[in-house]
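These notes concern the structure reproduced below.
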Amino acid sequence: MKVSKSSIQSLNLNLKVNHLSSEKRQVEDVGPMASLLKTRSVVRFSGPDTIKFLQCLLTNDIRKFSDEKSSLVTRNVPASLYTAMLTPQGRFLYDMFLYQPPQPTTWSCLLTTPGDLKELFVYVACRYRLRSKVDIQNVGDHFSCWQRYGKRQPSSSSSQTGWQWHKDPRLDCLGFRGIFPWLKHNSFSFLVTPMVEEADTQTEEENYLMWRLEKGVAEGSIEIPKGTFA
């Protein structure tokens, strides 16, 4: 029996759709998982002018992180903020998350940025600093970024030596995200897996990517092309 070319193409398309549907069901059914986000890096901003500087640089209201009458951190500040940096014309450059480290000695915050653009982001931020009293450091070698997601997530975040999981500010179904320090011993640094509710929950970052895309949430300059209007 002779099989037409259109029949073969239709069969291949059906097999592809079935494969994607199977992957989608697997992603939807996963339990609480944790992934090391190797595509994200960490930058630290510190100094007395940090709030004022970031307020003029980013899209979200960074003043939520501080008291209106002083530079002291209040107890009613949000755990994390999702924000972006735009060009003067309002075109997208970078998206990022802001966190406050536990019990900082001086006012500071940590930002997670796309790992492949961290050096460029630091360079651009330093160009806007001018005389502002802000110190900008790439601390990607000292901190790692993690995401906890999937079904059966606990209602509260767990902590590890003061460093916490924070609810993802974009969508509740995305779970928790956190920044955790590397463990230092003599001249060596070791990656430490943060505490999760269940054992054996660490998985590859690609699984989080599938989970996030299934929810319709874009992240990073690949999925949100630089130069597009915000």
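Return the only residue of LYS184, LYS118, LYS151 being charged (D, E, K, R), modelled with pLDDT under 90 and crowded, with 18+ Cβ neighbours inside 10 Å. I'd like the intermediate steps shown before the answer.
Numbers: LYS184 fails: crowded, with 18+ Cβ neighbours inside 10 Å; LYS151 fails: crowded, with 18+ Cβ neighbours inside 10 Å.
Answer to the check: LYS118.
For the subset of segment 131-141 comprising residues that are part of a loop (DSSP other than H, G, I, E, B) and in contact with a Lys or Arg (Cβ under 8 Å, 6 or more places away or on another chain), which member is surrounded by the most Cβ atoms within 10 Å (Cβ to Cβ)? Outline the logic, then answer.
Looking only at segment 131-141, we keep the residues that are part of a loop (DSSP other than H, G, I, E, B), and these are 131-134, 139-141.
Next cut, in contact with a Lys or Arg (Cβ under 8 Å, 6 or more places away or on another chain) only: 132, 139-140.
Numbers: SER132: 17, VAL139: 16, GLY140: 19.
Among those that are part of a loop (DSSP other than H, G, I, E, B) and in contact with a Lys or Arg (Cβ under 8 Å, 6 or more places away or on another chain), it is GLY140.
So, in segment 187-230, exactly how many residues are within 24 Å of PRO32 (Cβ to Cβ) and at pLDDT 80 or above?
Selection size over segment 187-230: 19.
Quick one: which residue in GLN103, GLN89 is assigned to a loop (DSSP other than H, G, I, E, B) and modelled with pLDDT of 75 or more? First the steps, then the outcome.
Values: GLN103 fails: modelled with pLDDT of 75 or more.
None of the others qualify; the one that does is GLN89.
Taking the condition of being buried (at least 18 other Cβ atoms within 10 Å of the Cβ) and more than 18 Å from the chain's Cα centre (by Cα), how many residues in segment 78-107 meet it?
1
Which condition number does MET1 fail, the rest of (1) part of a loop (DSSP other than H, G, I, E, B); (2) modelled with pLDDT of 90 or more being met?
So MET1 meets the others, but not (2).
Is segment 47-68 home to any residue that is out of contact with any Asp or Glu (no Cβ under 8 Å at 6 or more places or on another chain), on the phi < 0 side of the Ramachandran plot and modelled with pLDDT under 60?
At the first step, the residues of segment 47-68 found to be out of contact with any Asp or Glu (no Cβ under 8 Å at 6 or more places or on another chain) are 48-54, 56-68.
Adding the requirement that they be on the phi < 0 side of the Ramachandran plot leaves 48-54, 56-68.
Subsequent filtering for residues that are modelled with pLDDT under 60 retains 67-68.
Checked against the condition, which is being out of contact with any Asp or Glu (no Cβ under 8 Å at 6 or more places or on another chain), on the phi < 0 side of the Ramachandran plot and modelled with pLDDT under 60, segment 47-68 yields at least one hit.
Restricting to segment 23-38, name every residue that is surrounded by fewer than 17 Cβ atoms within 10 Å (Cβ to Cβ) and at pLDDT 80 or above.
Within segment 23-38, just LYS38 meets the criteria.
The values are calculated or read from the model by the stated rules, or taken from the named source; none is laboratory data. Model, not experiment: these values are computed from the prediction. Ideal geometry is used to build each Cβ from the backbone, glycine not excepted, and the neighbour counts take in all protein chains shown.
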